[in-house]
Every structure is written in C-alpha cells, then in structure tokens.
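The structure appears right after this line, and notes come after that.
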Amino acid sequence: MTATEFRQTHGDPTTWSTADHETYDVLRTNDQHRDQTAHNSADRPRALLAPAA
C-alpha cells in the first residue's frame with residue numbers, strides 16, 4: 001500500500017489515530033525511497049554508457 005492509497009482509504013487525517021499517522025509517515029518515507037531508487041536505477045545505464053570524461 002502506498003501513502004496515497006492509505007490516505008484514500010482512511011479519509012480525513014484529522015480523525016486519524018497516532019498509529020494511523022505513524023503508518024502514513026512510514027508509507028510516505030517508503031514511497032520517497034522507492035521513487036529515488038527507481039530514479040537512480042534509470043540513471044545507472046546512462047552513466048555506464050556515457051563516455052569517460
């Protein structure tokens with residue numbers, strides 16, 4: 001589950017429990033890490049194929 005999916009299924013954040021907020025923070029951090037990893041993975045082949053400076 002992503003942070004966006006969590007927010008869509010749990011409604012208004014003002015009604016969330018402390019555990020809901022903590023879960024959302026973990027999911028958001030995981031999403032950011034996944035996005036950064038995907039970005040780095042996409043750059044890796046380009047870096048290998050680029051001519052040496």
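Counting helices only, and only those DSSP H runs with n ≥ 4, report the 222 nm mean residue ellipticity of the chain as the sum of -39,500 (n - 2.57) divided by its residues, in deg cm²/dmol to the nearest 500.
-26000 deg cm²/dmol
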key: Heavy-atom accessible surface of the chain: percent carbon and sulfur, 1.4 Å   = 55
request  = On each of the three principal axes of the Cα atoms of the chain, give max minus min coordinate, whole Å, ordered largest first.
outcome  = 55, 16, 14
Net charge dipole size for the chain [Lys, Arg +1 and Asp, Glu -1 on Cβ; Debye, nearest 20] = 360
key: Label-point gap, in nm, between R34 and T14 - each point 7 angstrom along Cα→Cβ   = 3.0
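Can you work out the accessible area per residue across the chain, with the rest of the protein chains kept in place, probe 1.4 Å, in square angstrom?
Each residue of the chain exposes 81 Å² on average to a 1.4 Å probe.
The values are calculated or read from the model by the stated rules, or taken from the named source; none is laboratory data. Source: prediction; values computed, not measured. When we count neighbours, we look across all protein chains shown, and the Cβ atoms used for this are built from the backbone with ideal geometry, even at glycine. In case anyone asks, the SASA skips ligands and DNA or RNA and just uses the protein heavy atoms, side chains included. Shrake-Rupley method; radii C 1.70, N 1.55, O 1.52, S 1.80 Å.
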